Amino acid sequence: MASPYGPVEHATPEVMAELGEVACSLEVVDAQLIRGHDWGGDEQVADAGAVASEREKAFRLIDAGRPFIVTGLGFDAPFWELRTLETAFPQWFNDEGYVRIANDEAISAELKKHYEQPVWLADLGDGSVADLDIGSEYLFTGKSGKITRRHIDDGCSAAFSLQLRGHKIWDLDFPLNATGEVYADDGSVLAPEEETLVSCILYPGDAIVFFAGWHHETVILSDEDSVSVSFDFTAPTRGGAQASFYAKHGEALLGTPYYCDCVATMDPAAMDDAAKLADYDAQCDFLKAPTFGGSAVAGDDRGSLPCKEGEYCWLCPADDELLD
Ligand SMILES: O=C(O)CCC(=O)C(=O)O
């Protein structure tokens, strides 16, 4: 699907005004309710029943593989001012980059002190909580109108992006839904239009959670510079995160170059089946081979769309649109 914003880097004021009116089409869970007390404090804000039902809502969405918004996340606002960050991490800001990766342990450890990690995502549901396995943080900073063009993230796990300064609209779509094989929580089939394109404006303290296969695009709508932190996480919830999502879509996702080596996450049963595993390995080698990946073999129809010369042959954007 082409970007609705065309090949530009910045949205016009007219487009931004229009985007500013977009209503959020995602479900929202309340972090304060889930955690049950103020961030950094222990004052109780909800009874146990309300906490449990908000947690259930979040886990239902995770297992369905549906993007959702978390609101009310705690963060230390002064720290996330661009100037403060530039002073704290001069070595990190020595170029004009839009995305900075905290693969330096010291930077990552410092960042973690200043925003609330959604540790409840690793609640196992049996009274115990596992470690939330967070990959490196990605810091996104940008000026009003800046567009991050539609892309898909490489990697097997789910993504979490927390807005810390300014506000920004997220558009997400899940091309696999074009088949119509997506179900609402009551089991009814959702019309593709209802589910393939979702949007929400994120304000400081809001986060978006989304899953493998969801393409996304953002536009900064605030006059103020935008600062946000994204990371991948593995949420080992209830017998395997996103079990029903991968049961429906895992096979198709594994057939793309982006996820073909995610078999342990997307089809854990295959790990015990030597023949199936060998098949996946062979397919992955093929998908990642230069003749297919970087410069596609025209006419190859392994994916559901015909290949164009020089492009990945499936539903994904070009390789150079990958952020990580
Ligand atoms: O925040 C943005 O502008 C883009 C973030 C993003 O693409 C990501 O977290 O994967």
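Given H placed on each backbone N at 1.01 Å, which residues far from G74 in sequence or on other chains put an amide H within less than 5 Å of it?
The answer is E116.
Determine the dipole magnitude for the range 21-114: charges of +1 sit on the beta-carbon of Lys and Arg, -1 on that of Asp and Glu, nothing else is charged, the reference point is the Cα centre, and the result goes in debye to the nearest 20. Please list the in-between numbers first.
Numbers: 9 positive and 18 negative charges, 51 e Å.
The dipole of the range 21-114 has a size of about 240 debye.
By the scheme Lys and Arg +1, Asp and Glu -1, what is the net charge of all other residues having a beta-carbon under 11 Å from that of S161?
-3
Would the range 13-234 count as rounded, prolate or oblate if I go by the C-alpha gyration tensor, calling it rounded below 1.5 in a/c and otherwise prolate when a/b exceeds b/c, oblate otherwise?
On the way: a/c = 1.61, a/b = 1.12, b/c = 1.44.
It comes out oblate by the Cα gyration axes.
Here is the link list: K113/K146; K113/K168; K113/K276. Which ones come out longer than 32 Å on Cα distance?
On the way: K113/K146 28 Å; K113/K168 24 Å; K113/K276 43 Å.
Long pairs (Cα-Cα over 32 Å): K113/K276.
Could you work out the relative contact order of the range 13-234? I mean the mean sequence separation of Cα pairs under 8 Å and 6+ apart, divided by the number of residues, in percent.
Result for the range 13-234 is 28 percent.
If the range 44-128 were replaced by its equivalent ellipsoid, with semi-axes equal to the square roots of 5 times the Cα gyration tensor eigenvalues, what would those be, largest first, whole Å?
33, 15, 12
Each residue of the range 167-175 in turn: what ³J(HN,Hα) in whole Hz from Karplus with 6.51, -1.76, 1.60 and θ = phi - 60°, glycine and Pro shown as x?
Per-residue couplings from phi come out as 9, 8, 9, 10, 10, 10, 8, 10, x Hz.
Could the peptides 132-145, 58-71 be put in order, highest first, of the mean number of other beta-carbon atoms found within 10 Å of their residues? Before the final figure, lay out each step's value.
Numbers: 132-145: 19.0, 58-71: 20.7.
In descending order of packing, they fall as 58-71, 132-145.
Grab the other residues whose beta carbon is less than 13 angstrom from that of A106, score K and R as +1, D and E as -1, and report the net.
Here the count lands on -2.
Bear in mind these aren't lab numbers, they're just calculated from the coordinates by the rules spelled out. Every value quoted in this text rests on a predicted model; they were computed, and no experiment measured them. Reconstructed Cβ throughout: ideal geometry from the backbone, glycine too, with neighbour counts over all protein chains shown.
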